[in-house]
Amino acid sequence: MAAGGGCRNVPLGGGPRDGMRRDGGAEPYWSRPESRVWTVMLLLGTCLLYCARVTVPICAVALSSRFDWDKKQFGVVLSSFFWGYCLTQIVGGHISDQIGGEKVLLLSASAWGFLTVLTPLLTHITSAHLVFMTSSRFLMGLLQGVYFPSLASLLSQRVRESERAFTYSTVGTGSQFGTLLIGGAGSLLLDWYGWESVFYFSGLLTLLWVYCTCKYLLSEKELTIPINSLTRGLSIPKQTKVPWKQLFRKAPIWAVIIAQLSTASTFFTLLSWLPTFFKETFPDSKGWVFNVVPWLVAIPTSLFSGFLSDHLVSQGYRTITIRKFMQVIGSGVSSIFALCLGQTSSFCKAIVFASASVGLQTFNHSGISVNVQDLAPSCAGLLFGVANTGGALLGVVCVYLAGHLIETTGSWISVFNLVAAVNSIGLCTFLLFGEAQRLDTDSVYVDL
């Protein structure tokens, strides 16, 4: 086992479980009842993550009116989140691999919950509203940037391979639930009580989730983070450094990173531009239809992809074959529907194509999202952070490039061609070089 620092393969936040590993040690995985409870709680955590993330976009008109911002100024506020989000992915994954993903999740959730609650209060004591809200969103990005790398680290070490895809897919549906929850409840609160109530609602629910998780799922010992453990998480001693040279000489590592870059950037592109596409192409359409239906469809498709993946693995099919099959659907088939979206002039067909494209993208949860856990479970958080950082940065570029293409060509077809092209690069790379067998560097690293 790793001594001192670096990646690890030991139980997170608790004692040994029943069962034996190959090396004869106690199995670190959750039992079935534990796994079910944690899956539900992590789904709720992901839901509240998106509730807090989408509070500002939901209150866009009210905030702009209240503080007299134009679209350019409000764009600065919105984009500041992603710059902060990029900066903590890697360090969040690394610290999670050291002290436990559940500890990092709860610490970050506590911080962003308090920040969300305090934001309306602090706007009353400052006159520099643009600077304050921009700084607040940047800090929100920093705090939420650790979430998914920590989640990857936690699940890679506590969930069995045969159950990993369904668990990750189920937890991932929290993003759709959160978007729907804050879109529905937030809109009502905004109309009834003003924009401040949306922030209070999201922040207080997050703090309640943290309290319940700490009280009912973790013991006092598991909640304690010794100073030496935290220091170890923030540094990488020489004798246990991550074997970067060995790790990044492996083609499967680059395959999963490039695929993650592609899928993350195209997701951000569709998320950012689909509402504008519908509003401009079908001006008489109802906003609640195109803002809700695709995300409703994404929930069952995500659950189905996880169930199907784990079922096929349990039937004896090769893990890498299943991962690639899921990725073909998540990147390939979804891109076909995106291309169709740019060609149709029918609102009903456009809703079907958009729902299919967004829904099928969730198959990525059972493809590349769990593949990094197959390759290097003890370093999954850190590697996921590397891939997600690049994905967020490329996403910003693709979102800007899509806007430039619309302005210069006057056609939405070019945007959906961009989505398909970027997805194709990631998919082809993963199909050619992707593997699911645990890398030698990971086992050597754990033995240090």
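Here is the P(r) of region 319-448: all C-alpha pair distances, binned every 10 Å from 0, give 12, 34, 32, 15, 5, 1, 0 in whole percents.
Taking each DSSP H run with n ≥ 4 as -39500 (n - 2.57) and averaging over every residue of the chain yields -25000 deg cm²/dmol at 222 nm. Axis angle, to the nearest 10 degrees, between helix 174-193 and the longest C-alpha principal axis of the chain: 40 degrees. The string of couplings for region 345-352 from the Karplus curve (6.51, -1.76, 1.60, θ = phi - 60°) is 10, 9, 5, 4, 5, 5, 5, 5 Hz, one whole number per residue in order, with x for Gly and Pro. The C-alpha atoms of region 332-388 occupy a region whose extents along the principal axes are 49, 17, 14 Å, arranged from largest to smallest. With the Kirkwood sum run over all distinct C-alpha pairs, region 78-121 has a hydrodynamic radius of 11.7 Å. Counting every C-alpha pair in the chain, the share spaced more than 28 angstrom apart comes to 49%. Note on Val289 and Ser346: the model spin-label points, each 7 Å out from Cα along the C-beta direction, lie 1.3 nm apart.
Per residue, the average separation of C-alpha pairs within less than 8 Å and at least 6 apart gives the chain a relative contact order of 26 percent.
In order along region 121-128, the phi-based Karplus estimate (6.51 cos²θ - 1.76 cosθ + 1.60, θ = phi - 60°) of 3J(HN,Hα) comes to 5, 6, 5, 7, 10, 10, 9, 8 Hz; Gly and Pro are listed as x.
Sparse packing (at most 14 other Cβ atoms within 10 Å of the Cβ) combined with a DSSP loop state is found for the following trypsin sites (Lys or Arg not before Pro) in region 273-325: Lys286, Arg318.
Here the simple spin-label model places points 7 Å from the Cα toward Cβ, and for Thr409 and Ala62 these points are separated by 3.8 nm. For the chain, the longest principal axis of the C-alpha atoms and the axis of helix 195-217 are separated by about 20°. Principal-axis analysis of the Cα atoms of the chain puts helix 71-87 at an angle of about 0° to the longest axis.
Take the chain, connect every pair of alpha-carbon atoms lying under 10 Å apart with a spring to form a Gaussian network, then pick out the residue of Ile99, Ile406, Ile182 with the largest mean-square fluctuation. Answer for the Gaussian network model of the chain: Ile406. For the chain, the longest piece that avoids every one of the chymotrypsin sites (Phe, Trp or Tyr not before Pro) found in DSSP loops with at most 15 other C-beta atoms within 10 Å covers 1-247. Note on the chain: GNM, Cα springs under 10 Å; of Ala152, Ala387, Ala60, the largest mean-square fluctuation is that of Ala60.
Backbone phi angles across region 359-364, fed through the Karplus curve with coefficients 6.51, -1.76 and 1.60 (θ = phi - 60°), yield HN-Hα couplings of x, 6, 4, 5, 5, 4 Hz in residue order; Gly and Pro are listed as x.
Every number here is computed from the coordinates shown, using simple stated rules; none is lab data. Please read these numbers as outputs of a predicted model, since none were measured by experiment. Don't worry about glycine lacking a Cβ; one is built from the backbone with ideal geometry, like all the others, and counts go over all protein chains shown.
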